[in-house]
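Below is one structure, written out as structure tokens, with a few remarks after it.
The values are calculated or read from the model by the stated rules, or taken from the named source; none is laboratory data. This structure is a prediction, so every number in the text was calculated from the model and none was measured. Note that each Cβ is placed from the backbone with ideal geometry, even for glycine, and that neighbours are counted across all protein chains shown.
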Amino acid sequence: MSVKFKKTYKFALKASLYIMLYGFVLVMPLVIYFTTVSWWLYIIHSILVFFISFFIIQYRVEHFIYRRVKKIYDNVSLLEHTELRSKAVTTDMQTLTEEIEKFATNKKIEIESLQVREEYRRDYLGNISHELKTPLYTIQSYLETLQDGAIDDLDIRDQYLERAMQGVDRLTFIIKDLDMISKLETGALHLEVGVFDIVACIQEVFYFLEYKAKQRHITLMFDMSYDMPIYVKGDRDRISQVLTNLVSNSIKYGKDKGTTEVSIEDLVQNKMIIRVTDNGEGIKKEHIPRLFERFYRIDKTGSRQVGGSGLGLSIVKHIVEAHEEHIYVESSYGYGSEFSFTLEKAPLDAYADPLATD
């Protein structure tokens, strides 16, 4: 407490001491030679002057600093009035300096955060512009060619109309994905949570992507034989979409004659973890933190050979988080990647419910 007292009242203490000594030295000779007042009474008077001066100076300086600092904050509109209380501002310059530095540091962090968000906004707008522009230009070029007379050639007409329709399909795909992400972020997309067999769900995804995998000579497989159903809680359609996006990505970026393996494991007492592992090209470490951003692509050349809207992993992340679950990624460049996410196990009594089975 003594250290705090000395720091807080140092200025007022010194000023009061100077006033007392000045008064004592100036007036004491006059008291001795011209009055009959006892010099003990004068000493007591000097002590009273010291304490009175101390409290007056301390009060005036403290409120002077408070008003000045508060006025600065009010003028620049950087701090709410409620954040600055008179008891928090004293003549302790070290404490005041620390508070100002803390305030400045917090504002610096806020500014840096806003700069990061602004950069992300610019990247996002640039990416979505590029994604929409590519199919639009494709559609426009084919239609203009047909309009210039190519429509009279039936073979060219059918071929160009088909390619234009593919561009329309891609635009529709991007817009649907953007709409889904927006709904997931705002909570407008309602999850139909129920109990379902995750093994059957994965098997259906394998059937759906079987032809695509065969084109790349990639084998879709479980890590082991799951003879019995494994029931989990969630929106079956959305979880199926998560699995479809993850398995589809592993096929896109997998190596020829490679494998995509899905495993189901107990994580904790009431959680399962589903892993999608491939032995493809893998992902460099610098890309991993941004994998789930909208339109983020590892390939910066702008190649779209693998297709897709660039929103698949972002949708995966939003769906998993909408279930209040977690998604993880591990990758070794040149050796493959593993994406995994958690799901809640279904309670034991749900197994007996005939409506819970697929």
Condition met for Ile174 (buried (at least 18 other Cβ atoms within 10 Å of the Cβ), in the same structural domain as Ala150 (by TED's automatic domain parsing) and on the phi < 0 side of the Ramachandran plot): yes
Out of Gln241, Gln215, sole residue that is touching a residue at least 24 places away in the same chain (Cβ under 8 Å) and under 30 Å from Thr138 (Cα atoms): Gln241
Residue in region 199-219 that is under 22 Å from Gly334 (Cβ atoms), loosely packed, with under 14 Cβ neighbours inside 10 Å and basic (Lys, Arg) present: no
Residue that is nearest to Lys233 (Cα to Cα) [pool: residues in region 250-278 that are more than 29 Å from the chain's Cα centre (by Cα) and surrounded by fewer than 18 Cβ atoms within 10 Å (Cβ to Cβ)]: Thr259
Complete set of residues in region 142-171 that are within 25 Å of Leu311 (Cβ to Cβ) and at pLDDT below 80: Gln166, Asp169, Arg170
Some residue of region 120-138 being in a helix (DSSP H, G or I), modelled with pLDDT of 80 or more, surrounded by 17 or more Cβ atoms within 10 Å (Cβ to Cβ) and out of contact with any Cys (no Cβ under 9 Å at 6 or more places or on another chain): yes
Some residue of region 97-105 being basic (Lys, Arg), in a helix (DSSP H, G or I), at pLDDT 80 or above and over 22 Å from Tyr296 (Cβ atoms): no
